[in-house]
Amino acid sequence: MSIVLESLYLRINPARYHYLKFILEAYDGLCLLSTVPEIAGCVCIRYPKEQAKKLYNLLSSLAASLNSNCIQKTPMSSKLFFIKTFGCQMNERDSEIMAQLLYEKEYIETSESDDADLIILNTCSIRAKAEQKVMSLLGVLRKHKKRKPGLKICVAGCVAQQEGKRIIERMPHVDLVIGTQNIYELAELLEKQDKPSALTSLADDYKIPAFIPNLKTRNKTDKQPVIFKKFLTIMQGCNNYCTYCVVPFTRGREISREADHILKEAYALVQGGVKEITLLGQNVNSYGRTNTVSKNDSNYTFSKLLRAVAEVPGVKRLRFTTSNPKDLSDDLMRCFEDVEILCPHFHLPVQSGSNKILSRMNRKYTREQYLEQVAALRSYCPEIAITTDMIVGFPGETDTDFQETMSLLEEVYYHGSYSFKYSDRPGTRSKTFDDKIEESVKSERLRIFQTRQDEICLEHNQSYIGKTLPIMIEKTGKKSLVGRAGTNHLVHLPDTVYDCNPGDILKAEIIHAGHHSLRGCLQDI
Ligand code: 5AD
Ligand code: SF4
């Protein structure tokens, strides 16, 4: 027999959440409680219809101690959804889009997967480990669905695109597999779907739909309702076919969004209170190369777009990610000198220090060309922090090749890096290379690289001690603040009582440096 559930929203003192949960659980065990991410201090209670009277009596007797008021009784048809996002910022952004589309169809987001009527896994397949995580979570959800037969499970993102209907064949408890170009169809698919299905079409002439984010629909933490920074997608897909990389297969051909749509979105973000924008794409440097992006200018490049977004009144900080050195123009590097709000941080993935390996990776630049770019960037912006991605143990990487990676680390002296052991991915060219490196050798190389990078990070961080930096505040506590420097360093401001909001920029003197963050104290207050 199915139980008809009703739901209500209750705004309570957040400190009383666990108290309320405890009481509700003791209350015949029939009420479900979850926090509601989009409304600060709000919880959603779901209860069997016939228990409504008892529940209202209980809540009214608790009202004073909870400091609560009921703000909305939701329609009976509204369903709860839960999204788990793996991988990169592209996926974060796609999750936001899916959440907004579901809100428009009367779904409500919950932070508790147990309460959800719909669970979406937005997946990543960049390395084998990421894919294994998704598969094991899907295994766990099989049991969950046995307990809750009405539950719908949807797999989105790169594993969905890569595996398509094979996921449903292997895991019949999955209801919907939705590809990276199909997320805008999610809500309709859920509505009309009557049996498990997979929609994973990848079109070469795909047009990224115009989409204005509704900043009220999604915010993960109840205590920090201010959305002050956002990613803004400018392109999707990749044409580079680096031999190790699955992205061209999971995200399709490189398509740039229309400049006009991007600028409209930037205006909307600022109007909604956003202060920092990060322009997002797999290889932003080649924006506008493969399709027309502006009616007025057939040669609209990434640096033109960057300068146009910087002109949007109210944007205080601008960043972008990610770049392929092969497409890095002098004009873009010059932006670090003359676009005032562009943060002095450049993530410039190099992947290897050996020309032989770079060529086998199909990266289309040499170590020498890369070093020239680093020198040019530092001449335009001496304080710039350069970070990178590095792969160790690519097929055929000898000790000498690895030494070249280590010597590149010494030459560039990166402020930070993400480093990975090479991992075989389906469909890639390097998967077919037969000179694979043993796992133990890869692990040892990774350890050596990361140990040295950590030392260099600390050295860089210590060089900030005594300097005063503008910090954009990210979190405000009663007696402390946390913010970020333009260089992307996290800066803790403990023992600081100051009335400010996330997104405000304050000056702080750096007084201590750790491997991964700085500590400072506020100036001029
Ligand atoms: N193996 C290991 N690392 C990889 N990356 C991409 N593909 C692989 C792979 N097959 C890394 C690259 C890339 C980052 C996002 O992930 O360094 O820049
Ligand atoms: Fe992958 Fe290379 Fe494209 Fe980056 S540039 S997404 S590493 S194929």
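The values are calculated or read from the model by the stated rules, or taken from the named source; none is laboratory data. For clarity, every value in this text was computed on a predicted model and none was experimentally measured. Cβ atoms come from the backbone with ideal geometry, glycine included; neighbour counts cover every protein chain shown.
General remarks:
- Of all residues in segment 398-415, none satisfies being within 16 Å of ligand 1 (Cβ to nearest atom) and within 30 Å of residue 161 (Cβ to Cβ).
- Verdict on residue 362 being modelled with pLDDT of 95 or more and under 22 Å from the mean Cα position of the chain (by Cα): no
- Residue match in segment 382-393 (condition: surrounded by fewer than 16 Cβ atoms within 10 Å (Cβ to Cβ) and in a helix (DSSP H, G or I)): no
- Condition check for residue 430: crowded, with 16+ Cβ neighbours inside 10 Å, more than 13 Å from residue 127 (Cβ to Cβ), among the hydroxyl-bearing types (Ser, Thr, Tyr) and within 12 Å of ligand 1 (Cβ to nearest atom): no
Quick grid of which residues meet (1) more than 27 Å from the chain's Cα centre (by Cα); (2) modelled with pLDDT of 95 or more; (3) more than 28 Å from residue 502 (Cβ to Cβ):
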| position | (1), (2), (3) |
| --- | --- |
| 433 | yes, yes, yes |
| 437 | yes, yes, yes |
| 446 | no, yes, yes |
| 451 | no, yes, yes |
| 457 | no, yes, no |
| 461 | no, yes, no |
| 470 | no, yes, no |
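- Taking every residue in segment 242-262 that is in contact (Cβ under 8 Å) with a residue 24 or more places away in the chain and pairing it with any residue that is basic (Lys, Arg), at least 6 positions away or on another chain, the pairs with Cβ-Cβ distances below 6 Å are 243/429; 246/425.
- Any chance residue 251 is basic (Lys, Arg), near ligand 2 (Cβ under 9 Å from one of its atoms) and out of contact with any Asp or Glu (no Cβ under 7 Å at 6 or more places or on another chain): yes
- Cβ-Cβ distances below 9 Å connect no pair with a first residue in segment 411-436 that is over 30 Å from residue 384 (Cβ atoms) and assigned to a strand (DSSP E or B), a second residue that is among the hydroxyl-bearing types (Ser, Thr, Tyr) and more than 12 Å from ligand 2 (Cβ to nearest atom), and a separation of six or more residues or different chains.
- The number of residues in segment 433-460 that are away from ligand 1 (no atom under 14 Å from the Cβ) and within 19 Å of residue 360 (Cβ to Cβ) comes to 4.
- Filter pass, residue 265 being away from ligand 2 (no atom under 11 Å from the Cβ), within 30 Å of residue 159 (Cα to Cα) and among the acidic types (Asp, Glu): yes
- Unique match (being loosely packed, with under 14 Cβ neighbours inside 10 Å, closer than 25 Å to residue 370 by Cβ and not acidic (Asp, Glu)) among 405, 400: 400
- Test for residue 242: is it within 19 Å of the chain's Cα centre (by Cα), within 16 Å of ligand 2 (Cβ to nearest atom) and either assigned to a strand (DSSP E or B) or at pLDDT 90 or above (or both): no
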